[in-house]
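Reviewing the structure listed below.
FYI, it's all coordinate maths here, none of it is from the lab. The model shown is predicted, which means the values in this text are computed figures rather than measured ones. Note that each Cβ is placed from the backbone with ideal geometry, even for glycine, and that neighbours are counted across all protein chains shown.
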Amino acid sequence: MLTLGATGAIYLAVEPQDGRKGIDGLAGVVAAALGRDPASGDLFVS
């Protein structure tokens, strides 16, 4: 089961992402495109 904190947010990708990038590459996409910290506790869905 997934739980978010009281201030947790869910972000959905509107464009397809390349899953071959691996977790580090996708974390880089989150940081570059959204300016968010991938380890912030928010949920990023691709």
Output ordering of 29-37, 5-13 (per-residue mean of other Cβ within 10 Å, highest first) is 29-37, 5-13
Expected unfolding gain across ASP24-ALA6 under the 0.36 nm per residue rule, minus the alpha-carbon gap, is 3.9 nm
Rounded to the nearest 500, the 222 nm mean residue ellipticity computed for the chain from DSSP H runs (n ≥ 4, each -39500 (n - 2.57)) alone is -4500 deg cm²/dmol
Dimensionless Rg/Rh of the chain, both radii on Cα and Rh by Kirkwood, sits at 0.96
